[in-house]
Structures are given as structure tokens and as C-alpha cells.
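Data first, discussion second: the structure below is written as C-alpha cells.
Just so it is clear, none of the values below were taken in a lab; they were calculated from the coordinates. Just so we're clear, the structure is a prediction, and the values are computed from it rather than from any experiment. Virtual Cβ from ideal backbone geometry, glycine too; neighbours counted across all protein chains shown.
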There are 2 protein chains.
Amino acid sequence: MKALPLSKVYQLIEPGPVVLLTTAQRGHVNVMTMSWHMMVDFEPPLIACVVSNADYSFNALRATKECVLAIPGIELAATVVKIGNCSGRDVAKFDRFALTPIPAKRVAAPLIAECFANLECKVVNTRLVGTHNLFVLKVLKAWIDPAKRNSKTIHHQGFGRFVVDGKSITLQSRMR
Amino acid sequence: MKALPLSKVYQLIEPGPVVLLTTAQRGHVNVMTMSWHMMVDFEPPLIACVVSNADYSFNALRATKECVLAIPGIELAATVVKIGNCSGRDVAKFDRFALTPIPAKRVAAPLIAECFANLECKVVNTRLVGTHNLFVLKVLKAWIDPAKRNSKTIHHQGFGRFVVDGKSITLQSRMR
């Protein structure tokens, strides 16, 4: 994993890929699948996400105020779904799904070696957690695997159906 | 346009497509390009979005508390970028870009006939507008064009580069 400039983080999140969210609480590491997230600011990169209070990760995220967002490529699609199909209450998911945790620099939650990008985050706003389970995260450190830089991501359309990145097009734009 | 059940709205937004946001204030109709949005709840469908206070649409959205999110297919990509490259301060964008407004049922902002889906929304939470320009919208009514139902959408990766929907895959999932 190589450091990625924070100014480029939005280019990974803005297209809307499925991500994995890792937490660590009292030595207990967990990971969940998440599709409800968006960019909130460019730099420092702020990301909003919704983590249901029915999810095991909710309490860990709220208590530790830290997480990692790891972005999986298409080759991890089957694993992504298996992670979403079970709960950290019952399953040690890193073991069960043969994920390799890498220690992060700024947070206790681990990076995932198999993912092509990893974002170390801390929670900076919880005002909408009570009403909407909505957290605002600040990205402290970002990593990219240069060998997998052009990974195709997956986007969830509901009930296990995903659309995979197809071709890219570039148009003359003044938008950042 | 045919009514789409509100329970299916998340399947359109969760994959992270670029959308168009329309507003109407004192008879002045406008449209902007937006990629910073996410689902917040299934039903009634809640969607969070970030509209910069530098955007002309910000004041209209904040004042009228209404908008339409219109989802364009790939065939509108060039128009989507042109809409993003100029401001409603200077340009009557529906006219300039030959977009066809259709009256909505529940809000003053118009649907866009050329888009394959349209969501009539009202603002239900503004607590993070002051700090993060983050609005929470509730979808009141949803529409889909049956003839364009399987449109390929576009996802912005920054600076006018878009990834287009590729193939779909379906995996055995307990996730909604």
C-alpha cells in the first residue's frame, strides 16, 4: 500500500462503489459491507455514511469514533456479499473470509490488504446519528495499492445484484 | 413516465449515479449536476445530498425546501457536463440544453422528460446545512420511463472522467 494524497480521495468515493467498513473495539476487529455513503467535502476529505443501529458495527463506530473504509475490486464481490450476509456478533469475519488485516497508522481499525484502497477515518460529526444513523467521517490517511490501482468496482442495486464498472469516458469539464 | 413504488427508489440511488437536481423559485427553474448523495432510509425513501453554498441552486433548495432528482442515462452525458459547467445565475439551462420540463405532482420543481427516472423530494432535515451544506430529502413521488428502464448510468471520477455501467452480476444475498 502506498500513500494516496488526500486531495484524491473523492475520486474513489464519488462514483459510489460498495465499500467495506472495519472497526476495532477492545481488540475485537470487525468488518461490514456498506453502500450508503457520499462525499461531503474535498479536502480534508469528509465522507458521510449511514450505519444502521441494527448493525453490530454501529456501537463500535459510535464508541471508538474510528473506522477504515476499504474499497474492494470486482474480484472480491463474492466475499463482499458473504461479509454482508452475516454479523460480527456471530462470526469472526476476518478469519472466516481469509481477509488480511494490516495495522493502520492513525486509527485502531485495520486496513484490508485485499482491497485496492483504504481510508483511515475518524468520526467528526454525530448530530444526525440519533435521528438517521448518519455519521460524518474525516479521512486522516489514505492508501492505494499501485498494482491494483485501476480495479473495477461494484455498485449495489439491491438484493445481491451489482453493476460492475464498464468503460470510462472523459468530457471537457470545469467540474473538479 | 410511470409511477415507481417508493420501496424501489433505493435501487436507483444506492449504485451512485450522477443525478440532476432541479429547483423552482418564483417561477425561475434551474438544474444542476450532482454526485454527492446517498440513501439514508429505505421507506419512506430518505436521501442525503450536499449542495455547495457556492451553487446557485443552494438558495432555491434552502428557501423552497423542494427539488426533483432526475437520473440521466449515458446518452445524456455530454449534457450533464454542460449543465455542470455553467451557473443558473447566467444561463436558463432548460432552454440552453433543450431539456423538457414536466410538471411534478407534489413539488414545484419540474421533472426532466429526457431522464429515465425522476424523484420528487422535499427537504426534511437541515441541521447539517450550516456546517456541511448537507440536506436530508424525503422522496414523495417517484417516476420511471418504462422504455428506458435499463438505462446505463454514469459515475463521476473527477475532472469530467466518468465510468459507465458495465455488466451486472447477481450473488446470493440476504442484503436488501
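Sorted shortest first, the distances from the B:F159 label point to those of the same residue in the other copies are 4.1 nm; each point sits 7 Å from Cα along Cα-to-Cβ.
Rounded to whole numbers, the Karplus 3J(HN,Hα) couplings from phi for region B:127-138 are 5, 9, 5, x, 8, 10, 6, 9, 9, 9, 10, 10 Hz, using 6.51 cos²θ - 1.76 cosθ + 1.60 with θ = phi - 60°, and x at Gly and Pro. Computed about its Cα centre, the charge dipole of chain B is approximately 260 debye, with only Lys, Arg, Asp and Glu carrying charge at their Cβ.
What percent does the relative contact order of chain A come to when contacts are Cα pairs within less than 8 Å and at least six residues apart?
Values: 364 pairs, mean separation 46.7, N = 176.
Relative contact order of chain A: 27 percent.
Across all directions, the average flat footprint of the convex hull enclosing the Cα atoms of region A:72-171 is 9.0 nm².
With respect to the axis relating copies B and A by rotation, the chain B residue whose beta carbon is closest, plus that distance in Å, is B:G16, 1.
Toward the positive end of the charge dipole of region B:5-72, with +1 on the Cβ of Lys and Arg and -1 on the Cβ of Asp and Glu, the farthest Cα among B:A24, B:F42, B:Q11 is that of B:A24. Remark on B:W36: its backbone amide H falls under 5 Å from those of B:V50, a criterion applied only to residues 5 or more positions apart or on other chains, H modelled at 1.01 Å from N. Each label point was placed 7 Å from the Cα along the Cα-to-Cβ direction; for A:D95 and B:F159 their separation is 4.6 nm.
Rounded to the nearest 0.05, what FRET efficiency is calculated for A:K8 and B:N150 with R0 set to 41 Å and r the Cβ-Cβ distance? Show your work: numbers first, answer last.
On the way: r = 32 Å, r/R0 = 0.79.
Working from the Cβ atoms, E equals 0.80.
Along its principal axes, region A:1-95 has C-alpha extents of 38, 32, 25 angstrom, given from the largest down. When chain B is treated as a GNM, springs tying every alpha-carbon pair under 10 Å, which of B:T153, B:T22, B:T131 comes out with the largest mean-square fluctuation? Taking springs between Cα atoms under 10 Å, the residue moving most is B:T131.
Computed from phi, the 3J(HN,Hα) profile of region B:2-18 under the Karplus parametrisation 6.51, -1.76, 1.60 (θ = phi - 60°) reads 10, 4, 10, x, 4, 5, 9, 4, 4, 5, 8, 8, 4, x, x, x, 4 Hz, with x in place of Gly and Pro. About the Cα centre of region A:11-70, how large is the charge dipole given +1 on each Lys and Arg Cβ and -1 on each Asp and Glu Cβ? Please answer in debye to the nearest 20. Roughly 300 debye for region A:11-70. Applying Stokes-Einstein at 25 °C and 0.890 mPa s to the Kirkwood radius of region B:81-132, computed over alpha-carbon pairs, gives a translational diffusion coefficient of 185 µm² s⁻¹. Of B:A104, A:F116, A:Y56, which is farthest along the charge dipole of the protein assembly as shown in the positive direction, counting Lys and Arg as +1 and Asp and Glu as -1 at C-beta? Ranked along the dipole, the leading option is A:Y56.
Given the -39500 (n - 2.57) contribution per DSSP H run of 4+ residues, what per-residue ellipticity at 222 nm results for chain B, rounded to the nearest 500 deg cm²/dmol? Walk me through the intermediate numbers first.
Numbers: 5 runs with 30 residues, N = 176.
So the calculated ellipticity at 222 nm is -4000 deg cm²/dmol.
Applying both filters, DSSP loop and at most 11 other Cβ atoms within 10 Å, to the trypsin sites (Lys or Arg not before Pro) of region A:1-54 gives A:R26. Largest mean-square fluctuation among A:Q11, A:Q25, A:Q157, in a Gaussian network model of chain A whose springs join Cα atoms under 10 Å apart, belongs to A:Q157.
Note on chain A: along the principal axes its Cα atoms extend 48, 34, 32 Å, ordered by decreasing extent. Scalar couplings 3J(HN,Hα) for region B:69-86, obtained by applying the Karplus form with A = 6.51, B = -1.76, C = 1.60 to θ = phi - 60°, are 9, 10, 9, x, x, 3, 5, 9, 3, 4, 5, 4, 5, 4, 4, x, 7, 9 Hz; x denotes Gly and Pro.
Here is how far apart the A:K105 label points are across copies: 5.3 nm, shortest first, using a point 7 Å from Cα toward Cβ. Per-residue Cβ neighbour counts within 10 Å put B:I74, A:I71, B:I169 in the sequence B:I169, B:I74, A:I71, beginning with the fewest.
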